[in-house]
Amino acid sequence: MYEYISGKLASITPANAVIDCCGVGYLLDITLNTYSAIQERAEVRLWVHEVIREDAHLLYGFFTLQERSLFRLLLGVNGVGAATARMMLSSLSVEELTQAIATGDARTVQRVKGVGAKTAGRIVLELQDKVSDTAGQRTSTGINTATHSPAISVKKDETVSALVMLGFPKPAAEKVVNALDGNLTVEEMIKEALKRL
């Protein structure tokens with residue numbers, strides 16, 4: 001139903017963004033890669049994938065068409081839901097995940113939290129031919145790495161909140177985040193925490 005949503009970035013966390021489009025605020029679940037790409041922008045356009053459940057209509061937003069396409073390919077694999085697909089695209093870049101699938105590197109895919117050996121193998125088996133044509137192409141994300149870091153405690157609180165929104169228990173998230181280097185950016189802390197949880 002939705003192809004993309006453009007408008008003012010009203011609010012953003014590492015797990016979701018609200019886009020004000022003509023006075024209507026759209027809440028979109030986003031990946032960490034998309035967060036990195038748009039966090040410093042005032043106006044954004046996100047490519048949308050809609051998930052309709054009995055209890056909710058969810059919108060997933062992506063900075064690039066390539067990221068949305070890979071998300072949709074992942075959803076087509078038996079046993080991979082939207083939450084797992086988003087976790088994969090938050091733990092690995094589009095290029096890293098595409099390359100891992102194209103080269104049959106199930107071990108890299110399995111490093112993502114919640115992806116077991118069987119699921120990783122199934123992802124590689126089912127998607128290898130579909131992504132091999134694009135594995136060598138680089139995706140321009142326009143990521144702005146020159147961010148102005150807030151205080152360490154604020155960054156750690158934001159990291160914990162993002163991990164909780166991704167489905168991790170708060171006590172476990174807090175324990176891992178408290179052990180991280182406070183000089184890391186929020187995105188770096190989340191990626192490092194995802195490796196340890």
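The values are calculated or read from the model by the stated rules, or taken from the named source; none is laboratory data. Not measured: the values here are computed from a predicted model. Positions of Cβ are generated from backbone atoms using ideal geometry, with glycine treated the same way; all protein chains shown enter the neighbour counts. Heavy atoms of the whole protein, side chains included, go into the accessibility calculation; ligands, DNA and RNA do not. Shrake-Rupley method; radii C 1.70, N 1.55, O 1.52, S 1.80 Å.
Exposure here means at most 13 other Cβ atoms within 10 Å; with trypsin sites (Lys or Arg not before Pro) in a DSSP loop as sites, the longest stretch of the chain lacking them is 54-137.
By the gyration tensor of its Cα atoms, with a ≥ b ≥ c the square roots of the eigenvalues, what is the shape of segment 63-116: rounded for a/c under 1.5, prolate for a/b over b/c, or oblate? It comes out rounded by the Cα gyration axes. When the Gaussian network model of the chain links Cα atoms closer than 10 Å, the mean-square fluctuations of ALA106, ALA56, ALA172 top out at ALA56.
Per residue, how large is the accessible surface of the chain? Use a 1.4 angstrom probe and give square angstrom.
Working: 10140 Å² over 197 residues.
For the chain, the per-residue accessible area is 51 Å².
In order along segment 66-79, phi translates into HN-Hα couplings of 5, 5, 5, 4, 5, 4, 5, 5, 4, 5, x, 8, 4, x Hz, rounded to whole numbers, per the Karplus curve 6.51 cos²θ - 1.76 cosθ + 1.60 with θ = phi - 60° and x for Gly and Pro.
Phi angles of segment 154-165 translate, via the Karplus equation with coefficients 6.51, -1.76, 1.60 and θ = phi - 60°, into HN-Hα couplings of 5, 4, 5, 4, 5, 5, 4, 4, 5, 5, 5, 5 Hz per residue; Gly and Pro are given as x. Between PHE63, PHE168, PHE71, the GNM of the chain built on Cα springs shorter than 10 angstrom shows PHE168 fluctuating the most.
Over the chain, the Kirkwood radius and the radius of gyration, each from Cα atoms, give a ratio Rg/Rh of 0.95. Please find, in a Gaussian network model of the chain (springs between Cα atoms separated by less than 10 Å), the residue of GLU54, GLU40, GLU174 whose mean-square fluctuation is greatest. Highest fluctuation among the options: GLU54.
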